[in-house]
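Some notes on the structure that comes next.
The values are calculated or read from the model by the stated rules, or taken from the named source; none is laboratory data. Please read these numbers as outputs of a predicted model, since none were measured by experiment. For neighbour counting, all protein chains shown are included, and Cβ atoms are generated from backbone atoms with ideal geometry for every residue, glycine included.
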Amino acid sequence: MKIFTIDTKKISLLIFPVILAFSHAQQDDPLGVSSSKALERIQLQFGQYFADKVVEMQGLRGQSQPREWTIVVNDERSQFRLRSVRVDAEKSINEGESSKFYPENLPIGFASSKKIKIDSKKAFEILIKEARAARIGFDYVNYKLRSLEFGDEPIWVLSAMSSKGALLGQVILSAYDANIFRTVWYYRGSRGYVKIVDSALDGLRKNESSDDDFPAPEIDNRPKPAVDGLPNKNNPSPPKNIGPGTEEAEVKPVG
C-alpha cells in the first residue's frame with residue numbers, strides 16, 4: 001500500500017501569490033450593511049425626501065461591508081438644510097441637523113439617490129478586481145460616497161487599508177455606471193519608502209508621449225530672393241532715390 005505525503009512548503013509557495021491578491025476583507029461580513037439597504041431603511045423610516053439628495057455617505061472598516069453608515073442628506077426643514085442619519089444592522093438614528101458643512105465648509109455637491117446604480121457591494125467587487133491587478137492585499141475598506149464636482153452624479157471613493165490603519169490604495173469610480181476615474185496604489189517598502197502608482201499621472205505621461213510621436217513641422221525662416229525687383233519682406237532693403245526727410249516705412253515701390 002502506497003502512502004502519499006504532502007509537501008507543505010510547495011503548497012505554501014503556490015498559495016502565497018493568491019493571498020497577495022486576496023485578503024481577509026473579501027470575506028463577507030454577515031453583520032455588514034450595504035449602502036442600498038441603508039438608503040432603503042432611511043426612506044422607509046423618515047421619508048423619501050431624506051434620501052433624495054445625498055451630500056455624503058461614509059462607512060468605515062468594511063469587511064466587506066461596513067457595520068454602520070453615517071449619511072448626510074438634504075433636509076429643507078433644518079436650519080443648515082442638512083441632516084445626519086446613522087444606520088447599522090439593527091436601527092436607524094436621526095442625529096439631527098448637521099453643521100459639518102454649512103456655513104464654514106460648502107458641500108461639493110448633492111448626489112441624486114436615483115442615480116446610485118452601483119451600491120457598495122458592487123463597488124467592493126470592482127475594488128477587488130483592481131487590487132488583484134495591482135497585486136495589493138488589504139484588510140478592510142473605508143467607503144465614501146459623494147457627488148461629482150459641479151453635478152449630481154454620485155461617485156465612490158474606496159480606500160483600501162492595512163490592519164495597522166495604513167492607506168494602501170484608493171479607487172474612485174462612478175456610482176452610476178461604474179466608470180473608474182482614478183486609481184492610486186501605495187507600495188510600502190522598508191525604511192519608510194513608498195512607491196506611488198497614480199493612474200492620473202500615468203495617463204498624462206501617455207498623452208505627452210503620444211504628442212512627441214508627431215512633432216510639429218519645421219518652419220523655414222531662411223530669407224527668400226526678391227521677385228520682379230520688389231524688396232523681400234524677410235530681408236528688406238531700402239528703395240533707391242529716397243528724398244530727404246522721408247521715412248523708409250512710408251515708402252512703397254511704384255509700379
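Only a single criterion out of (1) in contact with a Lys or Arg (Cβ under 8 Å, 6 or more places away or on another chain); (2) at pLDDT 95 or above is not satisfied by I93, namely (2).
May I ask you to list the residues in region 123-181 that are surrounded by 17 or more Cβ atoms within 10 Å (Cβ to Cβ), aliphatic (A, V, I, L, M), in a strand (DSSP E or B) and out of contact with any Lys or Arg (no Cβ under 9 Å at 6 or more places or on another chain)? Residues satisfying the conditions are L145, A160. Elements of the type strands (runs of 3 or more DSSP E) sitting completely within region 58-113 and holding at least 1 residues that are within 26 Å of the chain's Cα centre (by Cα): these cover 68-74, 82-88.
So, in region 166-194, of the ones that are among the charged types (D, E, K, R) and modelled with pLDDT of 95 or more, which residue ends up farthest from the chain's Cα centre (by Cα)? Step through it out loud before you land on a result.
Let us first name the residues in region 166-194 that are among the charged types (D, E, K, R), namely 177, 182, 188, 191.
With modelled with pLDDT of 95 or more added as a condition, the list becomes 177, 182.
Values: D177: 14, R182: 4 Å.
Only one residue fits best here, namely D177.
Among the candidates D202, D198, the residue that is acidic (D, E) and loosely packed, with under 14 Cβ neighbours inside 10 Å is uniquely D202. Within region 145-165, is there a residue that is more than 26 Å from V55 (Cα to Cα), in contact with an Asp or Glu (Cβ under 9 Å, 6 or more places away or on another chain) and of a type in the set (S, T, Y)? Yes, region 145-165 has at least one match.
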